[in-house]
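Down below is the structure, laid out as structure tokens.
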Amino acid sequence: MADAPPSPTLADLVTLAAALRQDQRLPEAQRRSLDRELGPAVSTLRVKPARQLTAWARAVADRTPEVARAHRQASAAQAWAVLLAAGLGTLLGVGVALGVFYYDGSSRINVLAVLAVFVLLPLLLLLPLLIAMLPARLASAVPGVGPLAELCRGVSVGRVAAAGVRLLPRGMRDRLAWTADTLGSQRTLYAHVQKWAILAWSQVFAVMFTAAAIVTLLVLVVLTDLAFGWSTTLDVEAADVHRLTDALATPWAATGQAVPGRELVEASRYFRMDAAQPPPADPAALGAWWRFLVAAMACYGLLPRVVMLGVCLAVRRRAVHAALRATPGAGAVLRRLHQTAVAFDAEGDAETPRPPAPDMATITNAPAADVLIIWADAPIEAAPSDWQVSTDRRMPAGGKTSVAGDRAVIEAAASRAGDGAVGVLVKAWEPPMGELLDFLRALREALGDGVEVTVLPVGEATAGQRAAWPRRLATLRDPWLRVVEPTTSADSAEVPHA
């Protein structure tokens, strides 16, 4: 495992699925042992659940041959898919360029044909790409757009590249097929990832196609003599073509390079059947077109595809993160890892507990609370007399309360508290979990600045468990949040509530 936080990839979806299957087969004792081993190691990534799941799955792969094999196969399949798209794009780009730039001295290379193949056609093909990129909801909302988007994705080069899998060695074919079957078994979950993976592969193909064509042109310019011109059956004047080239050269016109002049355009026109047409005064000047063609291919053919590739990769990355978090069983793993990490922090030498964070306000006496939030059925009878507020000012939250119920409690507390203090009663023996921290963040947002919130842990707890409260709540960086140090403990015995 690398020290740097792992960046989730397509292969990690397969690895996580295999790791979760392996996790379900483990006995409870062995699963807890693994959690205690891995929990603290990945606890630093708890604010990034997708990366935490990735780190956990890769750690399981390091310890389990079956999961490691799944990770290797999925990684190899992902690499081969990219190489296949890039290889097909390169081969086709070189082949098309050799055909378009073919020159044997009997006729000139038609600049208009080059622009049609490497500028106009790529720009036109951006339209089906943009349609395929439309969100499913937006596409389905407009009549006819949904089927059109599906059609565009169906004819994507990314899917065409998949057909080339048959050309690969059997071992590579098996890895790709196994990965596709694994992802395909959860089509609803991975459909968004699949869409953007295919679109990204199609843009890899397009980038390599244009890049290979540009490199081929440059090689031909260096190794051979090329003569360019323009010819068309249409009634087009040299001035019209010059306006076209000027418009295309606008992005780089300020450089003064690769911009065909009026004289070059006029001298470059030719008619194949005009045997009496005199040769140009300066035949070498006809080769000057190559700079303009390279710039046009790079600007209108390559650059848009590089941008689209970046967009596809960024959206695919977010889709992978979402799919990792939504994978069945992933939420349970995250909760276990979080509980293990918090419990690990709360443990330690009871005689030498870690001091609270310096920016966490701890007090020994609980001030009176105007509104009391009882978190996860904390025992109200253990609260001090100042906290024995009337029933109408007690609000249960957490535990079995739904998310909507918690939100209603936050809104009610904000409306009733005014400038008064809000108390939150919690169980001292339970570690402060992420659910409580999220609740306190939302409560602060609703209360605004200046309103004091006091957290009172009640019940028996060890010194390590008591020290965990100010340390964990300090991560909220809330200057108006205070925690009361629990005064009852069972330092020398196991806590009966755990």
Looking at the structure I just gave you, is P432 within 18 Å of V484 (Cα to Cα) and in contact (Cβ under 8 Å) with a residue 40 or more places away in the chain? yes
Has the stretch 82-102 got at least one residue that is under 19 Å from the mean Cα position of the chain (by Cα) and either assigned to a helix (DSSP H, G or I) or under 24 Å from G229 (Cα atoms) (or both)? yes
Does the stretch 384-433 hold any residues that are among the acidic types (D, E) and either outside any helix (DSSP H, G or I) or at positive phi (or both), and which are they? D419, E430
Pick out the one residue from V403, V409 that is among the β-branched types (V, I, T), under 37 Å from the mean Cα position of the chain (by Cα), at pLDDT 70 or above and loosely packed, with under 15 Cβ neighbours inside 10 Å. V403
Test result for S202, modelled with pLDDT of 90 or more and either crowded, with 18+ Cβ neighbours inside 10 Å or not hydrophobic (A, V, I, L, M, F, W, C) (or both): yes
When the residues of the stretch 434-459 are filtered to those that are in a helix (DSSP H, G or I) and small (G, A, S), which remaining residue is farthest from R335 (Cα to Cα)? A446
Give the residues of the stretch 270-294 that are among the charged types (D, E, K, R) and at pLDDT below 85, sorted by residue number. R272, D274, D282
Across the stretch 240-270, what is the total count of residues that are surrounded by 11 or more Cβ atoms within 10 Å (Cβ to Cβ) and either in a loop (DSSP other than H, G, I, E, B) or among the aliphatic types (A, V, I, L, M) (or both)? 14
Would you call A74 in a helix (DSSP H, G or I), at pLDDT 85 or above and either in the same structural domain as M208 (by TED's automatic domain parsing) or surrounded by 17 or more Cβ atoms within 10 Å (Cβ to Cβ) (or both)? no
Filter the stretch 1-42 down to residues that are at pLDDT below 75, in a loop (DSSP other than H, G, I, E, B) and either touching a Cys at 6+ places or on another chain (Cβ under 6 Å) or surrounded by 15 or more Cβ atoms within 10 Å (Cβ to Cβ) (or both), then give me how many there are. 1
Here's a check for you: in the stretch 316-333, which residue that is hydrophobic (A, V, I, L, M, F, W, C) and modelled with pLDDT of 80 or more is farthest from A197 (Cα to Cα)? V333
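The values are calculated or read from the model by the stated rules, or taken from the named source; none is laboratory data. Since the model is a prediction, treat every value here as computed from it, not as a measurement. As a convention, Cβ positions derive from the backbone with ideal geometry for all residues, glycine included, and neighbour counts pool all protein chains shown.
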